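Worksheet for the structure shown next.
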Amino acid sequence: MVILGIDIGGTKTLVGVVERSGKILAAKRVETPGSLGPDKALALIKSAGQEAVETAGVKIDAIGIGCGGPLDRKTGTLHKVPNLPGWEGLCLTDIFSQEFGAPAYLDNDATAAAIGELYFGAGKGYRDFAFFIVSTGIGGGIVIEGKPYRGHGDNAGEFGHQKILPDGPRCPCGDRGCLESLASGTSIARIARERLEDKPKTKLWDWINTPADITAELVARAAKLGDEFASSIWFEAMYNLGLGVTNVVNILNPQLVILGGGVTKAGEDMVFEPVRKVVRERAMKVLAADVEVVPAGNGDNVGLLGAVAVALEHCS
């Protein structure tokens, strides 16, 4: 069985042709910022998909799509997605099924990534775990008794929208103080830009022309070099991420918490140890002692393999 996986994000989309085993035959990444709008973004995604299929030289049996929510996976339709303005009401399963001539299946991208970790990654062999994807935004997926838990309306696991600071910064969802507004890659960059207005001494000035050039990756790079300004922003974000993980540990009592997404590429000392420290200190002791916090096993392909797993779940 060969699957076309489509992982649609708020800044980029990864499309790949993948075998049932998880072997990637061909993959293509395209930039799809939310500001691009659905028409242009979908045209790029379709083109990337056709290119991947031609490169792989195989027939597609099914299509799996992971996309930020909220969404209706039964109808394949998006609701109002914070990081994809203008996409509301689009039926992605119809769009891609018509384009590629195969049945298509949609799920929340973080739930999809969690299923991908269950099939191919760090969750393989575990029956109860939670998954955080920390990237442009923050999403989550839940696996209970070896199966994805989606909730009554299929949108469970919105870990990025748990409230950390009641009167905190505005979040793309419209509320304030969400974890996503404090610890996503987008938010780390925004916080750095705001605080640069006070003209602090920081290595970041050597790498940018204006504060608009700031990215979370640059903040992490400077923090790794011991930059005091960057470190304060980065580790404040990781503390808040740790609080978010702590809340999930206290509520779900998982065997495992898996962290994936672009922000986690900063590595062990920058992400995983700070988060584990918060969990040890702030979670209920018996629950903290009962959980591991680990990197996603699917690495840079966590979203793509998650999309593939969505199709596998339906076709198995």
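Descriptive notes on the structure:
- Which listed residue, of Pro172, Pro254, is in contact with a strand residue (DSSP E or B) (Cβ under 9 Å, 6 or more places away or on another chain), assigned to a loop (DSSP other than H, G, I, E, B), buried (at least 17 other Cβ atoms within 10 Å of the Cβ) and modelled with pLDDT under 95: Pro172
- Screening Val286 with (1) at pLDDT 95 or above; (2) open to solvent by less than 30 Å² (accessible area, probe 1.4 Å); (3) part of a helix (DSSP H, G or I) gives one miss only, at (2).
- Residue within the stretch 120-128 that is of a type in the set (Lys, Arg) and either touching a helix residue (DSSP H, G or I) at 6+ places or on another chain (Cβ under 8 Å) or not in a loop (DSSP other than H, G, I, E, B) (or both) present: yes
- Top-ranked residue in the stretch 13-71 [being of a type in the set (Asp, Glu) and over 26 Å from Gly297 (Cα atoms); ranked as surrounded by the fewest Cβ atoms within 10 Å (Cβ to Cβ)]: Asp39
- Verdict on Gly157 being on the phi > 0 side of the Ramachandran plot, of a type in the set (Gly, Ala, Ser) and crowded, with 22+ Cβ neighbours inside 10 Å: yes
- If you check Gly242, Gly262 for being surrounded by 17 or more Cβ atoms within 10 Å (Cβ to Cβ) and modelled with pLDDT under 95, only one passes: Gly262.
- Meets criteria (under 30 Å from Ile60 (Cα atoms), surrounded by fewer than 16 Cβ atoms within 10 Å (Cβ to Cβ), of a type outside the set (A, V, I, L, M) and modelled with pLDDT of 95 or more) for Gly146: no
The values are calculated or read from the model by the stated rules, or taken from the named source; none is laboratory data. Here the structure is a predicted model, which means the values were calculated and not measured. Cβ: placed from backbone, ideal geometry, glycine included. Neighbour counts: every protein chain shown. Accessible surface areas use protein heavy atoms only, side chains included; no ligands, DNA or RNA. Shrake-Rupley method; radii C 1.70, N 1.55, O 1.52, S 1.80 Å.
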